[in-house]
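Participant: Please see the structure below; I have some questions.
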Amino acid sequence: MRPFSALFALALSLFISCKQQYRTIDVHETDFQNKSELLIKGVPVKTDLPLYIYGMICCDSLNIVMAQDDRGYVFVYSSDWELLDVFSGKGRARYEFIERPRLISNQVLKGDDGHLLLPLQDQECIKVLDITESLRTHKATISHIRDFNPIDVTEFESSVTGRKSMIVLGFGYLLLDNDINHTLEVTHGFTIQDVEGTAQYRIRHDSTFIDKPWMLTSMEKIAGPQPDDKFWRPFFKHPQRNLIIEPFEYLNYIMFYDLDNDNAFAIHQSGSLTFDDDLPQPREYEDEEGFIHAANETDRCFENVAVADSCFITIYLNGEYSLSDENWEYPRPEVVIFDWEGNFINSAKLDTFIDCVAFDQKKKILYGVPHSDDVEIILSYDLSPLF
């Protein structure tokens, strides 16, 4: 079979399987909106910070900061923000990266020897940086490399209609069972001769795909190419379990998927817009690099997430506190905390919009990078009163 024919057959089978696997899931109405009574102010972290921070993880009494700095991409700090070492610069060596490495859903893994392992995407492969060994030897150590292509796009012209169509097999992904060869992958959407397919989730071990008996995104109105519609949602994994959450960016929904127990449900803010409502069209704005984004202060909801063993912390923009901010592009957010069963725990107001969030579950401190054109800064927020 020619490569194009094989690709078309794969996309078509995905579209058909989506229809066959459809199953509704329970939606639990809850109330977490406008519950914040406490205002928590950010305190700048005092340390030698890199330039162009784009990611952060707290794990095993270490703070890992991803940055596009001349010294390297991976900055490792103690829990008190003492800079321990810098690893993995730009290059083509085994321990280097051809381009800025991508964090994989902010995941860290544990080796059989107890080593802390950081998987990173480098173009068409995943490289696993052994943080423990790298700190011991003061030299970047890559323990595993896996070939992995995260997107495949093919454009073609129909010989019958003459119209151009495109197959987009692009997906987000995360690693299951502490194994870089075991991935949960989502096809964000594709078009086959003007037929739109629903987002499809699959599990792959090595090169073999295992179809689940149900689709994770099982509400029919989520169908269509992503992320152009308003049902965009990133997904995050529990630090140990194969428990996945999907907070929606433009709706007050969070989906929960327990892959080990074949269970799925969603929570929804009671009284807010649902999938059955006509949603307002988000306004578009152009960022500093000329990219067009959609944003609307009336429907942005969950912006980012930091995970911990017993809970996860969401950055929330759809409460009265955020909507009243005149800076609609970077409004002051709230933090809303849930347990992994979908129960609301607590919430608070933050004084500044933050991104690249990470949570130190021992100290109960949330870290984030505020939007700034002047200087790199990390703010810390003491969330202990919320627990």
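Taken together, the values in this text are just the output of simple stated rules run on the coordinates, not laboratory data. Treat the numbers as computed from the prediction; the structure is a model and nothing was measured. As a convention, Cβ positions derive from the backbone with ideal geometry for all residues, glycine included, and neighbour counts pool all protein chains shown.
Participant: For PHE275 and GLU376 in the same chain, what is the full-extension length gain: residue separation times 0.36 nm, less their Cα-Cα distance, in nm?
Facilitator: Gain in length upon complete extension: 32.5 nm.
Participant: Quote the FRET efficiency, to the nearest 0.05, computed for ARG94 versus THR47 with a Förster distance R0 of 22 Å and r equal to the Cβ-Cβ distance.
Facilitator: Computed FRET efficiency for ARG94 and THR47: 0.15.
Participant: Take the Cα of LEU39, step 7 Å along the line toward its Cβ, and report every residue of the stretch 332-366 whose backbone nitrogen sits under 11 Å from that point.
Facilitator: 349-352
Participant: Additional query: Highest mean first, how do 252-264, 339-351 rank when packing is the count of other Cβ atoms within 10 Å averaged over residues?
Facilitator: Going from most to least packed, we get 252-264, 339-351.
Participant: Here is a follow-up. Want the number for ASP31 to ASP262: 0.36 nm per residue separation, take away the alpha-carbon distance, what's left?
Facilitator: My answer for the length gained is 80.6 nm.
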